[in-house]
Amino acid sequence: MKMNKPDFDTFLAESINNADSEITPQKDLWPGIEKALAQAPKSQAKSVLWPKLAGVAACSVAALLTVQLLFSGAEPATSVVMSDYFTQQKQTLLVQYQNQPALTDNWQQQLAELEEAERAIKQTLENEPENPALLKMLAQVYQQQLDLINKVHAPKWQQI
C-alpha cells in the first residue's frame, strides 16, 4: 500500500487522538533521574580531564626529545672539526710538495712520530672531548706536522 501525505497526516492524527493521554510508569522514576544528574558532572569531569593531561604529557615528552636531538647531536666535537681541517691542510701540502725533493731522509719517520702523538691525544680526548689542554696539545701537534712538511720541502733560504 502506497501512502501519500494526506493519508499519513490523517493516520497520525487518529493515532494521537486514540492513544491514552498519559502513560504511567510502573514505579517513580524521578529519584533515579535526580541521582543520575547529580553524579554525571563528576564522572564527566574525570573523563574530560585525563585525556587533556595525557595530551599535555605527550606533547611535553615530544618537545623534550626534539630539543635533545637538535642540541646534542647537531654539533660535532671540537677535536673532530680540528682533525678534519688539519688533515685537509696536510693532504694539500703533501700533494703540493710531492714532486719536490725533501732535504732530509727521515722526515717521514718524524711525521709518523707526530701522527702517533696525535692518535694518543685523540684517544685521551674520547674520555674528555672538550678538555682545553688536550685540544691545545692536539692543535700544536697538527701545527708541528704542517711545519715539518713545509720546512723539509721549502726551506727559508729557497723562499723569495
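The values are calculated or read from the model by the stated rules, or taken from the named source; none is laboratory data. Because the structure is predicted, anything quoted here is derived from the model rather than measured. As a convention, Cβ positions derive from the backbone with ideal geometry for all residues, glycine included, and neighbour counts pool all protein chains shown. These area figures cover heavy atoms from the full protein model, side chains too; ligands, DNA and RNA do not enter into them. Shrake-Rupley method; radii C 1.70, N 1.55, O 1.52, S 1.80 Å.
Answer yes or no: is there a residue in segment 101-110 that is in a loop (DSSP other than H, G, I, E, B), out of contact with any strand residue (DSSP E or B) (no Cβ under 8 Å at 6 or more places or on another chain), under 17 Å from residue 151 (Cβ atoms) and of a type in the set (Asp, Glu). The answer is yes, given that some residue of segment 101-110 is in a loop (DSSP other than H, G, I, E, B), out of contact with any strand residue (DSSP E or B) (no Cβ under 8 Å at 6 or more places or on another chain), under 17 Å from residue 151 (Cβ atoms) and of a type in the set (Asp, Glu).
Can you tell me which residue in segment 82-125 is surrounded by the most Cβ atoms within 10 Å (Cβ to Cβ), limited to those that are at pLDDT 85 or above and of a type in the set (Asp, Glu)? The selected residue is 118. The residue that is modelled with the highest pLDDT, among those in segment 1-23 that are open to solvent by 100 Å² or more (accessible area, probe 1.4 Å) and β-branched (Val, Ile, Thr), is 16.
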